[in-house]
């Protein structure tokens with residue numbers, strides 16, 4: 001079996017909530033859409049039926065994806081992480097960094113790849129910035145090897 005997928009408690013709860021919504025609500029909604037489209041008659045040129053089948057495939061695919069994740073995950077124990085106790089960046093940490101090029105500060109949460117959401121300041125431990133931060137402490141200056149290499153300073157590490 002492959003490596004375990006790392007999840008925070010919040011991330012696991014969000015996946016479980018999404019799974020329940022897909023199974024209990026969305027799946028039933030799609031079944032109704034399929035039934036309504038079938039009732040229109042000829043399925044060979046029925047755009048509503050094709051759209052409902054496509055939606056069904058998307059929903060079932062996402063349900064399978066979430067079930068696979070939840071059957072092969074490792075919960076990040078944010079309170080007991082030894083690195084976090086030492087004040088080092090670890091999965092689940094909230095990190096404030098300063099970009100040395102322009103002095104701008106940003107705060108990010110380090111999460112596993114499944115929970116990654118850069119638009120909401122959740123970065124994966126596997127992305128260049130996340131990899132550079134893991135195991136580092138406040139005051140460390142880190143070089144991030146991305147398409148364009150840049151340097152940052154760790155300003156603050158929170159649980």
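Readers should treat all values here as calculations from the given coordinates under stated rules, not as data from a laboratory. In this text the structure is predicted, and so the values were computed from the model without any measurement. All Cβ positions, even for glycine, are placed from backbone atoms using ideal geometry, and neighbour counts span all protein chains on display.
In table form, for the structure just shown:
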{"item": "Cα-Cα pairs of the chain separated by more than 25 Å (percent)", "result": "47"}
{"item": "Estimated FRET transfer efficiency (residue 63, residue 121; beta-carbon r; R0 25 Å; 0.05)", "result": "0.35"}
{"item": "Stretchable slack from residue 158 to residue 31, in nm (0.36 nm times residue separation minus alpha-carbon distance)", "result": "41.2 nm"}
{"item": "The range 5-75 shape via C-alpha gyration tensor axes, a/c threshold 1.5", "result": "prolate"}
{"item": "Gaussian network model of the chain, springs between alpha carbon atoms under 10 Å - residue of 45, 101, 143 with greatest fluctuation", "result": "45"}
{"item": "Rounded to 5, percent antiparallel among DSSP beta bridges of the chain", "result": "75"}
{"item": "For the chain, built as a Gaussian network whose Cα springs stay under 10 Å, the top-fluctuating residue of 44, 137, 93", "result": "44"}
{"item": "Virtual spin-label span in nm between residue 86 and residue 38, 7 Å along Cα→Cβ", "result": "6.0"}
{"item": "Semi-axes of the equivalent ellipsoid for the range 82-158, Cα gyration tensor, largest first, Å", "result": "17, 15, 11"}
{"item": "Inter-probe distance in nm under a simple model that places probes 7 Å from Cα toward Cβ, at residue 72 and residue 96", "result": "3.9"}
{"item": "Fully extended contour minus Cα-Cα distance, from residue 23 to residue 104, at 0.36 nm per residue", "result": "24.8 nm"}
